[in-house]
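Before any comments, here is the structure.
The values are calculated or read from the model by the stated rules, or taken from the named source; none is laboratory data. No experiment lies behind these values; they were computed from the predicted model shown. We place every Cβ from the backbone using ideal geometry, glycine too, and count neighbours over all the protein chains shown. Just so you know, the surface numbers come from the protein's heavy atoms only, side chains and all, with ligands and any DNA or RNA stripped out. Shrake-Rupley method; radii C 1.70, N 1.55, O 1.52, S 1.80 Å.
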Amino acid sequence: AHLAALVLARGGSKGIPLKNIKLLAGVPLIGWVLRAACDSGVFHSIWVSTDHDEIEKVAKQFGAQVHRRSPEVSQDSSTSLEAIREFLNHHHEVDIVGNIQATSPCLHPSDLIKVADLIQKEGFDSVFSVVRRHQFRWSEVKKGENKMTEPQNLNPAKRYRRQDWPGELYENGSFYFAKRHLIEKGYLQGGKMAYYEMRAEHSVDIDIDIDWPIAEQRVLSFGYFGKEPLKEVKLLVCSVDGCLTNGRIYVTEDQKEMVSYDYRDMVGIDLLKKRGIQVRLISERDCSKTLSAMQLGCIAKSATNKLQVLEEWQKDMCLSWKEVAYLGNEESDVECLKKAGMSGVPADACVVAQKAAGYICKSNGGCGAVREFAEHIFLLLEKVNSARKQ
């Protein structure tokens with residue numbers, strides 16, 4: 001049976017404009033679930049249903065195929081079921097749809113593998129995700145009604161302690177798997193049904209903008225970062241022009257060059273060095289005088305072939321690529337960004353560099369991007385340390 005992953009990602013959003021590709025912890029929101037779907041290895045095809053060009057570009061960047069949905073199922077009033085049925089009308093090879101919610105960034109491949117087994121090997125017609133909650137419910141009393149509220153799932157005279165109460169299961173919306181015949185009848189849940197209980201820390205749903213900073217912390221702590229285990233970064237290589245500086249060169253009347261930099265970036269480099277992370281700088285032009293004036297105390301090298309220099313440094317320090325971080329911004333940085341275990345670019349980096357990077361800063365080059373990337377490294381180091389303790 002052909003099992004297809006389908007992520008619905010409409011361009012219009014009343015809450016957050018283009019929410020589905022807004023950066024969350026340096027990765028487009030939709031990228032988190034597409035990465036999990038790809039690495040699960042259970043899908044015969046992975047699709048994104050969208051009506052927006054930018055979402056299409058990001059979807060393809062993360063390895064998905066794109067179904068361009070019609071205007072009829074792209075309205076504010078359109079339902080997920082309508083969009084899924086339209087997709088099936090165009091893809092007759094698909095037998096089972098795994099509808100994955102784009103706004104569930106803590107989804108892991110292990111969850112998808114177990115769900116695929118339920119529906120493919122154990123014969124369930126539909127499987128959906130739930131989370132266990134320990135919350136006492138009370139009946140609603142509308143304003144103006146002369147009624148008392150009533151307990152719904154507890155006896156107030158004998159309240160359970162959390163550890164003595166198993167709680168209740170609630171849909172968390174992360175995914176809905178269903179066979180074609182059910183969807184064609186108008187159901188996402190039906191037939192022989194099963195639920196899949198997700199861990200509470202993985203049940204993150206992006207609904208409103210105020211949740212974004214909280215979600216970033218949750219993703220950094222509990223998100224899925226790829227098949228290879230994270231390692232502690234020991235070397236950061238930073239491109240000078242366009243990252244450490246804003247890329248502009250000012251020339252005085254007496255032909256002297258000047259550049260500007262952000263003091264926050266200097267602090268970021270200093271903090272990295274204090275954490276035992278070496279920082280080295282690279283540039284396609286000779287900027288030794290500039291770096292000397294900054295008094296950074298970092299090894300620096302001018303080179304047209306940045307990858308060659310990066311490989312030399314990596315071998316000299318006997319590091320794996322997972323222990324190397326790279327911050328670049330130009331086409332000449334692309335191969336370095338692909339090689340490094342952790343890669344980033346400033347917000348104003350060129351398009352090809354952004355596509356190659358794992359993290360896109362909110363700050364522009366020369367305006368705090370280095371400090372921001374340093375903070376990102378520190379957060380991931382916390383994740384590495386947490387994994388070691390576990």
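Could you list, in sequence order, all residues of the range 26-49 that are in a helix (DSSP H, G or I) and either of a type in the set (A, V, I, L, M, F, W, C) or open to solvent by 10 Å² or more (accessible area, probe 1.4 Å) (or both)? Spell out the reasoning first.
Residues of the range 26-49 in a helix (DSSP H, G or I): 29-40.
L29, I30, W32, V33, L34, R35, A36, A37, C38, D39, S40, listed by residue number.
Take the residues in the range 191-221 that are in a loop (DSSP other than H, G, I, E, B) and either more than 16 Å from D95 (Cβ to Cβ) or hydrophobic (A, V, I, L, M, F, W, C) (or both), then tell me which one is modelled with the lowest pLDDT. Filtering the range 191-221 for residues that are in a loop (DSSP other than H, G, I, E, B) and either more than 16 Å from D95 (Cβ to Cβ) or hydrophobic (A, V, I, L, M, F, W, C) (or both), the one modelled with the lowest pLDDT comes out as I208.
So which residues in the range 113-127 are of a type in the set (D, E, K, R) and either in contact with a His (Cβ under 9 Å, 6 or more places away or on another chain) or closer than 11 Å to K192 by Cα (or both)? Please lay out each step first, then the result.
So the first thing to find is which residues in the range 113-127 are of a type in the set (D, E, K, R), and the list is 114, 117, 121-122, 125.
Answer for the range 113-127, where residues must be of a type in the set (D, E, K, R) and either in contact with a His (Cβ under 9 Å, 6 or more places away or on another chain) or closer than 11 Å to K192 by Cα (or both): E122, D125.
Summed over the range 154-168, residues that are touching a residue at least 12 places away in the same chain (Cβ under 8 Å), open to solvent by 70 Å² or more (accessible area, probe 1.4 Å) and under 10 Å from F136 (Cα atoms) total 1. Hey, can you tell me all the residues within the range 1-25 that are of a type outside the set (V, I, T), outside any strand (DSSP E or B) and open to solvent by 20 Å² or more (accessible area, probe 1.4 Å)? The answer is A1, H2, R10, G12, S13, K14, G15, P17, L18, K19, K22. Filter the helices (runs of 4 or more DSSP H) completely within the range 50-123 down to those with at least 1 residues that are open to solvent by less than 60 Å² (accessible area, probe 1.4 Å) and aromatic (F, W, Y). The qualifying helices (runs of 4 or more DSSP H) are 80-90.
Within the range 89-125, can you find the residues that are within 18 Å of I183 (Cβ to Cβ) and touching a helix residue (DSSP H, G or I) at 6+ places or on another chain (Cβ under 8 Å)? Walk me through how you get there before you give the answer.
Quick first cut of the range 89-125, residues within 18 Å of I183 (Cβ to Cβ) only: 89-101, 115-116, 118-120, 123-125.
Passing the criteria: V94, D95, I96, V97, G98, N99, I100, Q101, A116, F124, D125.
When the range 264-307 is filtered for residues that are within 22 Å of C336 (Cα to Cα) and in a helix (DSSP H, G or I), the ones remaining, listed by number, are D265, G268, I269, L272, K273, S288, L291, K306, L307.
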